[in-house]
Structures are given as structure tokens and as C-alpha cells.
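Peer 1: Before I ask anything, let me first share the structure, which is written out below as C-alpha cells.
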Amino acid sequence: MFRPALQNRGSPSCSSFVKVLSRTISSKQWQARQGKDAYTKEASIQGLKSRAAFKLLQINDRYRLFKSGQTVVDLGYAPGSWSQVAFNLTKPRGRVVGVDIIPAQPPRGVSTIQGNFLSPRVQEYVKDFVRDPNRGRPRSQLPALGEQEKPSPPTEPGAETDGGYIDLERSSSAHINKVDEAAPLPTKAKVGSVDVILSDMLMNTSGTKSRDHLGSMELCNAALDFASNVLKEGGHFVCKYYQGSGEKDFENDLKRLFHRVYREKPESSRSESKEAYFIGIRRRSDKSQEN
């Protein structure tokens, strides 16, 4: 008589196997979708870090956020496609500073700060970085030095020390900064030192819509608090969020800080995705906020 083999305690269960198989199938489906995606192909052709670059390009086509010489802070910049777009749209005299907890090679010409943006110390470091109007700009854009001065290429405090990487970083006129959480807080930044703040930050998704929405709102609020401290009068703000019940309150907060506020879902954003973007146009003066 046939008897089923006893399962070894060390072997995976049927349910575990199904879960692994499901993840494998999902991964293959994702890869297949990426292969067929026109924006993914075009990003590769144009040398862009990812298809997300087209989201910012489409937002900018509609709202005209960028111009030469601006200072841009990109929150959650990795892998760098938004910073890449911002640098190209603000050159030759602009500067772009990317912030992310994930270490990543910065796009050419972009300065980056590695740290958790929700940390007050990291936020103060970013404010201190942008306070100096020349810090982070490619050296070719800075005022010419006297002939007697021949300084060696600088490295920012906390830069990675690996020779190959730092050589690449120098050749790209970019700076990588890792925040030391134990260091003293820097001096307060001058209010009005940034022209555009971008936030493409998102927490790891849980699969629960309400939880993911609340997590995205926490990041949006952190970005908006930062913007209220450093954004110039007339400056702009872009923030990604997951749609849900808390977005109306956040929209009202934006309207108190900006003359015009819009919700946008770019054409390049996948239709099945719950992501969308708030755009704040032209920061109000402090006096107009009080009225």
C-alpha cells in the first residue's frame, strides 16, 4: 500500500515552496514588464539612471520648475534619476544636493549626503551644506582664483576614502558626504537658500494601503517642514505620496505655504500604482502666510 513519505523537519513545507515560487513568478513578471516598458527602454537609450526621470521631466514640462543657476535639494535621490534631470536643467550655474539613507553613486555634477532624512541631525547637516552658496557647485562654476592659489581638489568631510571611488567622484565634480550622528550640530542655515525641493522618498511598502499611505504622509510632512525652513520665497516643491485619507490635510498645509498647489500623476507613472505627486508653486512670503 502506498504511503506518503514523511516530511523531513529540515525540508521546506509545501506552503513555503509556494511562497518562494510566487516570489519567483512575480520577479519574472516584473522583469518582463520592465523589458516591454517604453520608458525603461528610453531611459537606457538616453543614459538616465531609471525610468523615474520621465516623471520629473513631465512635471517640469507642465509647471516649469527649473532654470539655470538654481539650488535644488533632492530627498530620497537614489538611484539618482531626478538629480540627473535637475542638474541638466539648472546647469551651467546650478547645484544639486541629493540626500538618501541608501549609499549610491551620484550622477555627474551632483553632491550627495548619506543619512536618514528623518534624523534632525541629518536635516541640520543639509541646511548647513546649502547655506554656503558655493558649496557643492562644480569647480568650473566658482569665481576664478588668483594665479598664486593652486589648491588641490577638495574632498568634503565624511567622504568615502576608497581611492577608485573618490577618483571617480572627483572627476564628476560631485561630493559624497556621510553624516556623523555623533558630531555636534552645525550652525543654523540661512532661510531662503534653496530654489526647488524634490521629495521622491517612500518607505518600504507593507502591502497594506492605509499603512503605506500614512508612511508616505510622514515623509511628505518631514519634507514640507524642511521646505518651510530653507525654501526661498517664490521657490517650488514636489513631493511623492500614496493616495489616501490624509492627503487633503496635507494639501491644506501646502496651500498655506504656496500660492498654487496641484496634484499630478505623470503619464510615465504606472496606471496601477497608487503614487501621485503634490506640486507647490511659488512659496509665499512670511507676511502673506500670516494673513
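Peer 1: For region 45-61, state whether one or more residues are of a type in the set (Lys, Arg), part of a helix (DSSP H, G or I), more than 25 Å from Glu233 (Cβ to Cβ) and in the same structural domain as Ser271 (by TED's automatic domain parsing).
Peer 2: Yes, region 45-61 contains a residue that is of a type in the set (Lys, Arg), part of a helix (DSSP H, G or I), more than 25 Å from Glu233 (Cβ to Cβ) and in the same structural domain as Ser271 (by TED's automatic domain parsing).
Peer 1: Still on this structure, I have one more. Please determine whether any residue of region 231-244 is at pLDDT 90 or above and of a type in the set (S, T, N, Q).
Peer 2: Scanning region 231-244 turns up at least one residue that is at pLDDT 90 or above and of a type in the set (S, T, N, Q).
Peer 1: For region 44-66, how many residues are touching a residue at least 60 places away in the same chain (Cβ under 8 Å) and of a type outside the set (A, V, I, L, M, F, W, C)?
Peer 2: Matching residues across region 44-66 total 5.
Peer 1: Would you check which residues across region 277-291 are modelled with pLDDT under 95, out of contact with any helix residue (DSSP H, G or I) (no Cβ under 8 Å at 6 or more places or on another chain) and either buried (at least 16 other Cβ atoms within 10 Å of the Cβ) or not acidic (Asp, Glu) (or both) and list them?
Peer 2: Within region 277-291, Ser285, Lys287, Ser288, Asn291 qualify.
Peer 1: Taking region 244-260 as the search range and keeping residues that are in contact with a strand residue (DSSP E or B) (Cβ under 8 Å, 6 or more places away or on another chain) and in a helix (DSSP H, G or I), which one is surrounded by the most Cβ atoms within 10 Å (Cβ to Cβ)?
Peer 2: Leu254
Peer 1: Given the criteria of a type in the set (D, E, K, R), touching a Leu at 6+ places or on another chain (Cβ under 8 Å) and part of a helix (DSSP H, G or I), does Arg121 qualify?
Peer 2: It is true that Arg121 is of a type in the set (D, E, K, R), touching a Leu at 6+ places or on another chain (Cβ under 8 Å) and part of a helix (DSSP H, G or I).
Peer 1: Another question, if that's okay. Arg23: part of a loop (DSSP other than H, G, I, E, B), at pLDDT below 95 and charged (D, E, K, R), yes or no?
Peer 2: No, not satisfied.
Peer 1: With the requirement that a residue be buried (at least 23 other Cβ atoms within 10 Å of the Cβ) and touching a helix residue (DSSP H, G or I) at 6+ places or on another chain (Cβ under 7 Å), what does region 110-122 give you?
Peer 2: Hits for region 110-122 are Val110, Ile113.
Peer 1: For region 265-276, which positions are among the polar types (S, T, N, Q) and surrounded by fewer than 16 Cβ atoms within 10 Å (Cβ to Cβ)?
Peer 2: Across region 265-276, the qualifying residues are Ser271, Ser273.
Let's see how each residue does on (1) more than 18 Å from Ala222 (Cβ to Cβ); (2) modelled with pLDDT under 95; (3) surrounded by 13 or more Cβ atoms within 10 Å (Cβ to Cβ); (4) in contact with a Gly (Cβ under 6 Å, 6 or more places away or on another chain):
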position	(1), (2), (3), (4)
Val99	no, no, yes, no
Ile102	no, yes, no, no
Pro107	yes, yes, yes, yes
Ala144	yes, yes, no, no
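Peer 1: Now for a different question. Select from region 229-247 the residues that are in contact with a Gly (Cβ under 9 Å, 6 or more places away or on another chain), among the aromatic types (Phe, Trp, Tyr) and under 15 Å from Ile59 (Cβ atoms) and list them in ascending order.
Peer 2: The one that is in contact with a Gly (Cβ under 9 Å, 6 or more places away or on another chain), among the aromatic types (Phe, Trp, Tyr) and under 15 Å from Ile59 (Cβ atoms): Phe237.
Peer 1: Of everything in region 191-225, what is crowded, with 19+ Cβ neighbours inside 10 Å and of a type in the set (Val, Ile, Thr)? Give them in sequence order.
Peer 2: Result: Val194, Val196, Ile197.
The values are calculated or read from the model by the stated rules, or taken from the named source; none is laboratory data. This is a predicted model, so every value here is computed, not measured. Methodologically, a virtual Cβ is constructed for each residue, glycine included, from the backbone with ideal geometry; neighbour enumeration extends over all protein chains shown.
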